[in-house]
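Read the structure below first, then the notes.
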Amino acid sequence: MKKSILLACVWALMGLGIAAAQSSPVGVWKTIDDETGEPKSWVEIYEQNGKFYGKIVKLLQKPPDTVCDKCPGDKKGKPLIGMVILWDLQPYDDYWSYGQIMDPNNGKTYKCSIWLEDPNTLKVRGYIGISALGRTQTWHRVK
């Protein structure tokens, strides 16, 4: 009997871990090019000190731009792979906000909010000023 209860507890805790992972943006996401509709890159979202960040881990377009010529400051001319393009997102009820995202195509930085539409679909909204003045991209979890 004790063994059955212990086994049930272990299974329940494993289920909670899976559910928590599915309700988090942490993981690798496939981005889509707004103009072509083609997959563009993989971005890994990770948590560090209670905030969320995203870095490019793979370029999918051929031929890939390998450095960021239009990026500002210390990112200019640096390799895109490994570059942090999403930073300082803070968790709230069912979304993450008050961060920033940089578009490596033009070097512009925008305020950013993200939320999960479902465990495998991430909505990424970049905007200037207020959220109504922006656009939303859909990213897909890489399995």
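Within segment 105-123, can one find any residue that is among the aromatic types (Phe, Trp, Tyr), surrounded by fewer than 16 Cβ atoms within 10 Å (Cβ to Cβ) and at pLDDT 95 or above?
No, there is no match, as no residue in segment 105-123 is among the aromatic types (Phe, Trp, Tyr), surrounded by fewer than 16 Cβ atoms within 10 Å (Cβ to Cβ) and at pLDDT 95 or above.
Mind listing whichever residues of segment 129-143 are in contact with a Phe, Trp or Tyr (Cβ under 7 Å, 6 or more places away or on another chain) and at pLDDT below 95? Steps first, please.
Let us first name the residues in segment 129-143 that are in contact with a Phe, Trp or Tyr (Cβ under 7 Å, 6 or more places away or on another chain), namely 133-134, 139-142.
Passing the criteria: Leu133, Gly134.
Collect the residues in segment 85-100 that are in contact with a strand residue (DSSP E or B) (Cβ under 6 Å, 6 or more places away or on another chain) and assigned to a strand (DSSP E or B), keeping them in residue-number order.
Those that are in contact with a strand residue (DSSP E or B) (Cβ under 6 Å, 6 or more places away or on another chain) and assigned to a strand (DSSP E or B): Ile85, Leu86, Trp87, Asp88, Leu89, Gln90, Trp96, Ser97, Tyr98, Gly99, Gln100.
Taking Gly82 as meeting all but one of (1) on the phi > 0 side of the Ramachandran plot; (2) assigned to a strand (DSSP E or B), write down the number of the exception.
Looking at each condition in turn, Gly82 falls short on (2).
Can you tell me which residue in segment 25-75 is farthest from Gly134 (Cα to Cα), limited to those that are modelled with pLDDT of 95 or more and in a loop (DSSP other than H, G, I, E, B)?
Asn49
Could you identify the single residue in Gly129, Gly134 that is surrounded by 14 or more Cβ atoms within 10 Å (Cβ to Cβ), free of Cβ contacts under 8 Å to residues at least 40 places away in the same chain and of a type in the set (Gly, Ala, Ser)?
The conditions single out Gly134.
The values are calculated or read from the model by the stated rules, or taken from the named source; none is laboratory data. What you see is a predicted model; the values in this text were computed from it and never measured. Positions of Cβ are backbone-derived with ideal geometry, glycine not excepted, and every protein chain shown enters the neighbour counts.
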